[in-house]
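Colleague: Structure in structure tokens, see below.
The values are calculated or read from the model by the stated rules, or taken from the named source; none is laboratory data. The model shown is predicted, which means the values in this text are computed figures rather than measured ones. Here the Cβ positions follow ideal geometry from the backbone for every residue, glycine too, while neighbour counts run over all protein chains shown.
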Amino acid sequence: MGLLAAIYAFLVWSRHGRTDMLAWGAVLLLPLLVALAFAPRGYEVTDRTLTVRMVACLARYNLADLRRAEIATPGEAFGFPTLRMFGVGGLFGYCGRFKNARLGSFVAFVTDKQKLVVLRFSTKTLVVSPDLPADFVQRVGAAARG
């Protein structure tokens with residue numbers, strides 16, 4: 001898709017001059033910037049809160065609502081058929097809303113599909129990819145218990 005858009009932009013540029021090329025460049029760059037803005041950059045567990053750091057913002061989750069934390073395989077979270085409802089799948093990570101038969105609807109903030117942790121809250125499911133999944137599960141569990 002991106003290659004076709006680049007070819008089209010080149011054709012437009014060659015016919016109409018540089019202004020159209022700059023406009024197409026901006027159109028093609030916008031999705032990349034949005035994907036980068038929401039790319040996960042780290043996780044912080046404090047007291048009873050999990051904070052997901054992204055390039056442009058933070059997402060906070062109340063661990064008092066945590067029901068279960070477990071390590072998952074890539075197939076369990078992102079195996080076929082997993083639907084991407086709204087989000088990015090692979091560019092700067094896997095972030096957004098997804099849905100599959102095993103987890104149901106879930107929100108993902110993942111940079112490494114080999115290190116997945118599923119956090120099941122009372123009303124939602126969250127998938128993250130900390131560097132040390134087993135340690136993260138212990139820290140989240142301890143923070144949830146208070």
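Colleague: Which condition breaks for Tyr8 when tested against (1) exposed (fewer than 13 other Cβ atoms within 10 Å of the Cβ); (2) at pLDDT 80 or above; (3) not small (Gly, Ala, Ser)?
Modeller: So Tyr8 meets the others, but not (2).
Colleague: Also, quick follow-up: Report, by residue number, each residue of the range 46-94 that is under 12 Å from the mean Cα position of the chain (by Cα) and in contact (Cβ under 8 Å) with a residue 60 or more places away in the chain.
Modeller: Selection gives Val52 alone.
Colleague: Are there any pairs with C-beta distances below 6 angstrom linking a residue in the range 24-45 that is exposed (fewer than 15 other Cβ atoms within 10 Å of the Cβ) to a residue that is assigned to a helix (DSSP H, G or I) and aliphatic (A, V, I, L, M), with the two at least 6 apart or on different chains, and if so which?
Modeller: Once the first residue is exposed (fewer than 15 other Cβ atoms within 10 Å of the Cβ) and sits in the range 24-45, its partners that are assigned to a helix (DSSP H, G or I) and aliphatic (A, V, I, L, M) give Leu28/Ala5.
Colleague: Quick test of your reading of the structure: Phe136 fulfils all but one of (1) surrounded by fewer than 18 Cβ atoms within 10 Å (Cβ to Cβ); (2) more than 14 Å from the chain's Cα centre (by Cα). Name the failing condition by number.
Modeller: Here Phe136 meets the rest and fails (1).
Colleague: Can you run down the residue pairs with Cβ atoms below 8 Å, 6 or more apart or on separate chains, where the first is in the range 130-146 and outside any loop (DSSP other than H, G, I, E, B) and the partner is polar (S, T, N, Q)?
Modeller: Close Cβ pairs satisfying both conditions: Ala143/Thr46; Ala143/Thr49.
Colleague: Just for strands (runs of 3 or more DSSP E) wholly inside the range 49-115: which have at least 3 residues that are buried (at least 18 other Cβ atoms within 10 Å of the Cβ)? If you could, list the steps in order and put the result at the bottom.
Modeller: On the way: elements: 49-54, 58-62, 66-72, 83-89, 94-100, 104-110.
Filter on the range 49-115 gives 49-54, 66-72, 94-100, 104-110.
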